[in-house]
1. How about the stretch 137-226: which chymotrypsin sites (Phe, Trp or Tyr not before Pro) there lie in a loop by DSSP and see at most 16 other Cβ atoms within 10 Å?
2. Let me know the whole percent of all Cα-Cα pairs from the stretch 10-164 that are separated by more than 19 Å.
3. Output needed: percent of Cα pairs per 10 Å distance bin for the chain, bins running from 0 to the one holding the longest distance.
4. Considering only Met268, Ala299, Ile91, whose Cα is most displaced toward the positive end of the charge dipole of the chain, charges sitting on Cβ of Lys, Arg (+1) and Asp, Glu (-1)?
5. Charges at C-beta only: +1 for Lys and Arg, -1 for Asp and Glu. How large is the resulting dipole of the stretch 3-330 about its Cα centre, in Debye rounded to 20?
6. Using DSSP to define loop residues, name the GluC sites (Glu not before Pro) in the stretch 215-323 whose beta-carbon has at most 12 other beta-carbon atoms within 10 Å.
7. Given Asn132, Ile228, Gly173, which one lies farthest toward the positive end of the charge dipole of the stretch 3-330, if we put +1 on the Cβ of every Lys and Arg and -1 on the Cβ of every Asp and Glu?
8. Mind checking which aspartates and glutamates have their C-alpha under 18 Å from Lys218, skipping anything on the same chain fewer than 8 residues away?
Amino acid sequence: MSIVKRIQHKLDTLRDRYIPVKEFNPSTCPWIDRPHADIDVFLKNFKPRFDVSYDLREKLQSWQKNGYAILEQVIPEDEIDKFMGDVDKLIEESDKHQLIVRIDLPEFQPNQQRNISEFPREALRGKYVKFNDFHNSSVTGKKLMSNPAIVTFLEAVFNQQVVVMQSLTFLYGSQQPTHQDFPWVTANDPSHLAAAWIALEDIKIDSGPLYYYLGSHKMPKFDFGSGILYKPWSTKTPLDYAAYLDKTCEELKYPKEILLIKKGDVLMWHGALAHGGSPIQNPEQTRKSFVCHYSTYKALPFHRATRGAEPVIQNYNGMFIYNNPALPEAEDTFR
């Protein structure tokens with residue numbers, strides 16, 4: 001990183017600490033989140049990159065009102081099976097690969113996030129496991145996250161160049177408390193965030209399915225004591241945050257919905273939608289899913305791990321996917 005960029009990074013850090021962000025900047029929010037945004041007017045001028053099987057107007061209306069949209073049966077089953085084949089091979093040959101994995105179990109404290117080769121294989125097939133950014137290694141993962149149906153929807157939401165921020169692969173339900181994504185997965189502009197939850201199998205009610213609060217992307221932001229973004233100097237905890245979200249969603253009467261979708265369906269959700277993982281009722285029931293976060297090139301013109309550095313970009317269906325600068329030898333090793 002150049003001296004100028006290092007100075008700018010230091011200034012940005014000082015600004016974040018002493019002038020904390022309290023709300024999304026309305027002047028830089030995606031067009032669809034701005035007051036009086038008119039979807040019909042937008043669609044008159046928007047030219048989709050691909051023909052899609054769904055009604056784009058209907059999905060944008062759901063996004064604007066509820067904070068999410070479901071794209072039914074847009075991911076081919078054979079691509080999902082190929083991706084799961086990559087995941088199985090990754091676990092079976094875990095000693096041969098480079099990938100950051102997190103397992104939230106007490107026996108792996110204090111370092112619950114480490115290279116995959118440092119975890120026992122049986123633990124990798126269990127619960128509380130997150131495979132981080134496996135799309136960098138898996139070409140099929142890149143194809144899944146850049147499916148034309150997803151690209152078309154996100155290009156409509158942002159009306160800008162879309163970039164991939166990160167991905168998480170799950171075999172079981174996360175059982176994660178209620179949260180919003182933007183305090184943790186942040187770009188230069190925290191409002192430029194969207195996610196896709198790709199169902200890799202039919203989701204069962206006893207698997208700890210995802211839940212979300214309809215319309216909660218419009219709720220008042222939580223102040224961590226460091227503004228709306230979680231920082232090392234925050235005075236409020238993630239559990240304080242979860243309690244606030246559950247309480248406020250109930251007070252504001254946002255309906256709580258359980259996600260039971262089929263293999264090949266995709267849930268697209270707003271970066272400020274309150275959601276979480278239900279308790280797993282059947283410990284043997286998997287909930288295989290591929291979760292991808294996206295931003296815009298304007299908000300994230302670099303890989304999030306190397307702020308300010310020029311990224312190596314791969315273009316999939318018009319979507320930018322950054323190579324992982326921390327593990328260059330692992331890029332596209334699963335073809």
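We did not get these values from a lab; they are worked out from the coordinates using the rules stated. Fair warning: this is a prediction, and the values are worked out from it, not measured in the lab. As a convention, Cβ positions derive from the backbone with ideal geometry for all residues, glycine included, and neighbour counts pool all protein chains shown.
1. Working: sites: Phe153, Phe158, Phe170, Tyr172, Trp184, Trp197, Tyr211, Tyr212, Tyr213, Phe222, Phe224; in loops: Tyr172, Trp184, Phe222, Phe224.
Filter output for the stretch 137-226: Trp184.
2. The share of Cα pairs beyond 19 Å in the stretch 10-164 comes to 68 percent.
3. 5, 25, 36, 27, 7, 0
4. After comparing all options, I get Ala299.
5. The dipole magnitude comes to about 1060 debye.
6. Details: sites: Glu250, Glu251, Glu257, Glu284; in loops: Glu284.
Taking the stretch 215-323 and a limit of 12 other Cβ atoms within 10 Å, the loop GluC sites (Glu not before Pro) found are Glu284.
7. Of the listed residues, the answer is Ile228.
8. Glu23, Asp33, Asp38, Asp181, Asp189, Asp246, Glu250, Glu251, Glu257
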